[in-house]
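Down below is the structure, laid out as structure tokens.
The values are calculated or read from the model by the stated rules, or taken from the named source; none is laboratory data. Here the structure is a predicted model, which means the values were calculated and not measured. These accessible areas exclude ligands, DNA and RNA; they are computed on the full protein's heavy atoms, side chains included. Shrake-Rupley method; radii C 1.70, N 1.55, O 1.52, S 1.80 Å.
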Amino acid sequence: MNHPDTRNPAASKKSTDPAPEAPEDPTAKATTGDVPKATDAAAEKSPGILAPSLANPVASPGHTPAKTIGSGPNPTAPKPVEPDPKPAASKPDKARDHVSDRIANPAPRRMGPTPGSLDEVFNAPASDGREVSPLRHLSDSQSSAANSVADGQPDAVAGGFSGINNWLDSLPQPELEQLGDKIYAAPSSMKASWRQRRNERAKTAELKEQRRLIEVAHVEAHREAGDREARALAHQARLEAQVLEAAHTHAKSAETERARAIAEAPEKSEAPEQPTATEPVVSARPTREPRTDPAQLAALVASAKSALENQKETYEPVYVAPYAVPEFGPAPAEEPADLRRRIILGAAALMAAVVSMLNLDTLASGNVETLGSNYSLLSIAPTAHLLWPVIFVWAALGAAYSWVPSQRSAVRQRGVGIPFALACVASTLWMLSALNSWLVPACVFAGASCFLLYATVRALNRKTARSRRERLLTDAPVCLMTGFSFVVLASTFGAMVQSWGAERADIWVAAVLVPVVGYASVALAMTERGRIILAIGFAWGMFWLLVPRAVGTNNSIWIAILAGMAAFVVLLATENRRYQIHHAEHRAARGKATDFS
């Protein structure tokens, strides 16, 4: 690779000599970089022949002729001049600025002395990195700017992207202090802007609420004005009807009196005496007052009736609850049957609670094959049976509540006592049959329990609970057992079908029974004020049917979807019922309109 420094033929031959070369002079190296670029171009075209101007270059202002390596001192050559720290500007050559020429003829890299300690580094004088940089001819903007000023030419940027470089150089340097201040103040400014937006939203919401209240006030004012106008019209119509009726009665009575007076008067001569001039002439025939037209009278009566009807329509209808209103009258006299009912209910609930607790480990462990979660497509996970002790203990608390003096002969207790006791007995028999894998008796007992619980819920609907305690201790255990028993009945029936070997019918039975028990549950849960405990019991069973169908070995995504949808619909419908009734009762208490259509 050719060095940009100029050499004579003797120096070229000397380079092949194995003898060590003389050390390079930094001054000569610095001056060789300032040789006119046209000379380098000519040297590259004819490398074997050196022009005389290369051997003895003419010193230009600011330039020092380079030494010829390997030759002695030249007496005719001018004395070398020490180079200035900043060489004089020279006219740049376009060929010299070409990137390919710079790559082909790179400047040699000179390594500076390596410091031996940190003191030398700290005590070393500051130097310009351009003198030792191997790419100083690419990045030395000061020398190029000086050359351009000296030659009177505009600045030229080296490289093939001069426009982009000039644009980048023209960009102002960022104000780091201002940028740091902005970054430091960013959290507080964001917090202030967020607070401002929040205040604006609050003001907007307040204005919107004020407009709404004004509109409501206008509507109420128009409504009251209409009511007053209707009442005034009705009152006026009634007064007019009374006046007309009084006038008609008075006219009729006057006519009757005149007729009677004429009939009782003595007969006079055919030629009565002529009245004198001073006496007034009285006609023998009495004058009649003008009668009211019947059509006009009928029109007035019709307008009065319409005004009354309009006035009635303006009044709000009386709130009618969509369930049986609680009766707060005294309870009937106690009978001997009430005592037997309380004893039977308490014994049945206590027996069911004891049996469920004793067999809870077997029920929830899944050791019984027919109670396993993967026996059929309707089998629920054994964990679901953990609800049985809760149900029966709650039922035992309800049976104890029936001994309270206010509940001993209550109509509600008479209606639910015996059916609920029989339902507890049927559920206990189902539990014992299922533990022994007697699927047919288990299905029968489960069906009987569901029927008895259905009758119990209907008896509760006929007499609404009068207090929260009565609703919690009498209605809640019945509803929880009803919702879960529907799921147990479907699961037992599916296991019975599977035990008969009807594998193909299992999927159809499951697809039909899940919507059926869901419909029955939602129909009972939407009675009275909305029985949310019944919906919770049903959703508990459906959840433990969904889990094994989704992740178990005997899985079915369609049955899992049906179970999830059934639980969701029952919960949503029940809560909607509760919300509607609660909202309607509050509106009725404020005198507002209610609608249950």
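Ile214 exposes around 90 Å² of accessible area when a 1.4 Å probe is run over every protein chain in place.
Hey, what's the Cα Rg ratio for segment 506-597 versus the globular rule of thumb, 2.2 N^0.38 Å?
Working: Rg = 16.6 Å, N = 92, 2.2 N^0.38 = 12.3 Å.
Ratio of Rg to 2.2 N^0.38 Å for segment 506-597: 1.36.
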